[in-house]
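Trainee: I'd like to ask you about the structure that follows.
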Amino acid sequence: MDSKTFIESGALEAYVMGLATEQEAKLVMEMAAQYAEVKTELLAIEDAMRVFDGKNAVTPPVELKAKILARIGSSEFRVSGSASSSTVGNAESETQPKVRRLNDAANAAVAKQSPFFKYAAAVALLLLIVSAYYNYSLSNKLDETTKQVAEIQAQNDQLNSTMASADSSVKKMIAEIMLLKTPAMKSVELKGMEVAPEAKAMVYANTQSGEVYLELVNLPPAPDGMQYQFWGIVDGKPVDAGMIPLDGNLSGIHPMKTVTNSTAYAISLEPKGGSQQPQGKIYVLGNV
Amino acid sequence: MAKKPANSLFLYELAPAIKYSEEQLTERLRAQDADAFSYLYDNYSGALYGTLIRMVNDEEVAQDLLQETFVKIWKSYSSYNAEKGRLYTWMVNIARNLAIDHKRSRAFKSGEKNQDIDKSVSAINRSQKTVFNIDRIGLKELVQKLKPESQEMINLLYYGGYTQEEAAKELGMPLGTVKTRTRTALIELRKLID
């Protein structure tokens with residue numbers, strides 16, 4: 001086929017418009033390779049269609065470019081980009097701007113094309129600052145709260161120990177009350193004698209078993225080397241019923257030595273360690 | 001680029017004004033140069049988008065197809081052979097083929113399950129009646145300055161996605177006539193844009 005007939009057949013137009021079959025396309029390639037005028041006509045048609053489309057151009061929405069670059073940048077670029085770009089870079093680095101990674105281009109496109117992203121970035125930054133401030137103030141509050149918790153913990157510990165001692169006191173008191181409520185228990189008030197008229201003690205005596213409990217209400221401190229001694233009076237004779245600690249502290253109602261059939265109780269001041277028979281002055285005395 | 005919003009204009013002016021020759025561009029694209037790809041988009045997205053809108057008559061679909069087009073350009077760039085034609089011709093035919101696939105699958109989905117070519121063509125025709133009536137999107141139609149027979153060819157073959165055989169059947173004329181009219185339309189079109 002001669003070139004003129006081929007050109008006039010419309011095969012070139014069909015080829016450019018993507019309408020040619022595979023066979024027709026192959027023929028176009030062959031003819032264009034063989035005849036310069038076919039090649040020239042082909043290029044003219046291509047340019048015409050490009051210009052025609054250019055005149056019919058519609059600008060796509062600005063954000064579309066960033067979308068496309070983002071889609072491409074996430075996969076293809078890194079895999080195959082670096083090896084081949086270096087050859088171009090070497091050849092043209094002096095005259096052309098450096099080859100950029102597509103991600104950079106995507107970022108640039110985001111910055112360049114879409115004010116939305118700028119606003120989004122500004123808002124994100126603002127939120128970050130606000131968040132940082134809240135973190136800071138929350139952190140301060142946390143410190144404060146930790147301190148408060150420690151204080152409360154200390155108070156709690158103190159309360160617990162107070163409670164424990166109160167609890168043991170209560171238990172002791174209950175035990176004392178139970179003791180005093182024993183039907184055979186008899187209370188005897190020991191009154192102050194001449195040497196100490198203000199002195200006072202209480203005795204609780206079980207008339208059946210002979211158990212005796214002493215409670216010191218008021219007794220002057222024993223002088224150095226001296227100690228109070230507790231006595232029961234049986235058949236008119238004093239019977240040793242135990243020593244009172246040197247510091248005079250019996251801590252409440254205190255069990256003493258068992259004395260049966262005692263008609264009276266007394267406390268005398270004796271040399272330290274006590275006496276077989278009372279030698280010192282009687283401080284308190286009471287009859288059953 | 002005529003309708004660029006004012007706020008991005010300033011940034012566009014700041015962008016480095018790089019001009020590539022077609023050879024430089026193809027070489028850089030082969031090297032997967034992001035700047036070259038960006039340049040390609042800036043220079044040809046409008047032409048491709050305009051073509052896609054005319055083909056599918058739906059801006060959202062056209063935008064999706066434009067995305068697919070550029071992704072495909074990037075992915076299959078290595079298959080572009082400069083000896084077979086211009087870069088733009090290759091690109092616009094990627095876009096057109098995507099649009100044709102979209103139209104055929106839509107026609108297929110809309111109930112025309114018969115793969116018989118006649119039915120398939122008429123399905124496209126029915127779903128694309130609007131192709132001949134795109135004024136409603138408000139596009140200036142350069143094609144309307146052509147003679148009616150030429151308009152018909154461009155609308156059917158270029159925007160309608162018809163093959164020449166399908167167009168011949170649709171118009172009830174011999175394939176040879178369609179081919180001749182295609183050439184006539186293109187000659188007219190070349191005069192128009194000069």
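Trainee: How many residues are buried (at least 20 other Cβ atoms within 10 Å of the Cβ) and either within 11 Å of the chain's Cα centre (by Cα) or not in a helix (DSSP H, G or I) (or both) when one looks only at region B:45-75?
Mentor: Of the residues in that region, 17 qualify.
Trainee: Another question, then. Mind checking which pairs have a first residue in region A:17-44 that is surrounded by 20 or more Cβ atoms within 10 Å (Cβ to Cβ) and a second that is outside any helix (DSSP H, G or I), Cβ under 6 Å, 6 or more apart or different chains?
Mentor: From residues that are surrounded by 20 or more Cβ atoms within 10 Å (Cβ to Cβ), there are no pairs.
Trainee: Here is a further query. Residue A:203 - would you say it is in contact with an Asp or Glu (Cβ under 8 Å, 6 or more places away or on another chain) and either among the β-branched types (Val, Ile, Thr) or without any contact (Cβ under 8 Å) to a residue 40 or more places away in the chain (or both)?
Mentor: Criteria met by residue A:203.
Trainee: Output the residues belonging to region B:24-59 that are aromatic (Phe, Trp, Tyr) and at the interface with chain A (Cβ under 9 Å from one of its Cβ atoms).
Mentor: The answer is B:37, B:41, B:44, B:49.
Trainee: Let me ask another. How many residues does region A:240-273 hold that are over 17 Å from residue A:201 (Cβ atoms) and not charged (D, E, K, R)?
Mentor: Counting residues in region A:240-273 that are over 17 Å from residue A:201 (Cβ atoms) and not charged (D, E, K, R) gives 5.
Listed here are the residues, each with its yes/no results for (1) in a loop (DSSP other than H, G, I, E, B); (2) within 28 Å of residue A:265 (Cβ to Cβ).
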| site | (1), (2) |
| --- | --- |
| A:142 | no, no |
| A:154 | no, no |
| A:162 | no, no |
| A:166 | no, no |
| A:177 | no, yes |
| A:203 | no, yes |
| A:224 | yes, yes |
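Trainee: Still on this structure, I have one more. Tally time: how many residues in region A:245-266 are part of a loop (DSSP other than H, G, I, E, B), within 56 Å of the chain's Cα centre (by Cα) and not charged (D, E, K, R)?
Mentor: Residues that pass the stated criteria total 8.
Trainee: Here's another thing I want to ask about it. Identify all residues within region B:184-193 that are surrounded by fewer than 20 Cβ atoms within 10 Å (Cβ to Cβ) and facing another protein chain (nearest Cβ under 9 Å); write none if there are none.
Mentor: B:184, B:187, B:190, B:192, B:193
Trainee: For region B:148-194, which helices (runs of 4 or more DSSP H) that fit wholly inside it have 2 or more residues that are touching a residue at least 40 places away in the same chain (Cβ under 8 Å)?
Mentor: Here the list reads B:164-171, B:175-193.
Trainee: Name, by its number, the condition in (1) crowded, with 18+ Cβ neighbours inside 10 Å; (2) farther than 15 Å from residue A:2 by Cβ; (3) at pLDDT 90 or above that does not hold for residue A:73.
Mentor: (3)
Trainee: Out of everything in region B:79-111 that is among the polar types (S, T, N, Q) and out of contact with any helix residue (DSSP H, G or I) (no Cβ under 7 Å at 6 or more places or on another chain), what residue ends up being farthest from residue B:39 (Cα to Cα)?
Mentor: So the residue we want is B:105.
Trainee: Yes or no: region A:119-136 includes at least one residue that is among the hydroxyl-bearing types (Ser, Thr, Tyr), modelled with pLDDT under 85 and surrounded by 11 or more Cβ atoms within 10 Å (Cβ to Cβ).
Mentor: The answer is no, given that none of the residues of region A:119-136 is among the hydroxyl-bearing types (Ser, Thr, Tyr), modelled with pLDDT under 85 and surrounded by 11 or more Cβ atoms within 10 Å (Cβ to Cβ).
The values are calculated or read from the model by the stated rules, or taken from the named source; none is laboratory data. Everything numeric here is computed off the predicted structure, so don't read it as measured data. Methodologically, a virtual Cβ is constructed for each residue, glycine included, from the backbone with ideal geometry; neighbour enumeration extends over all protein chains shown.
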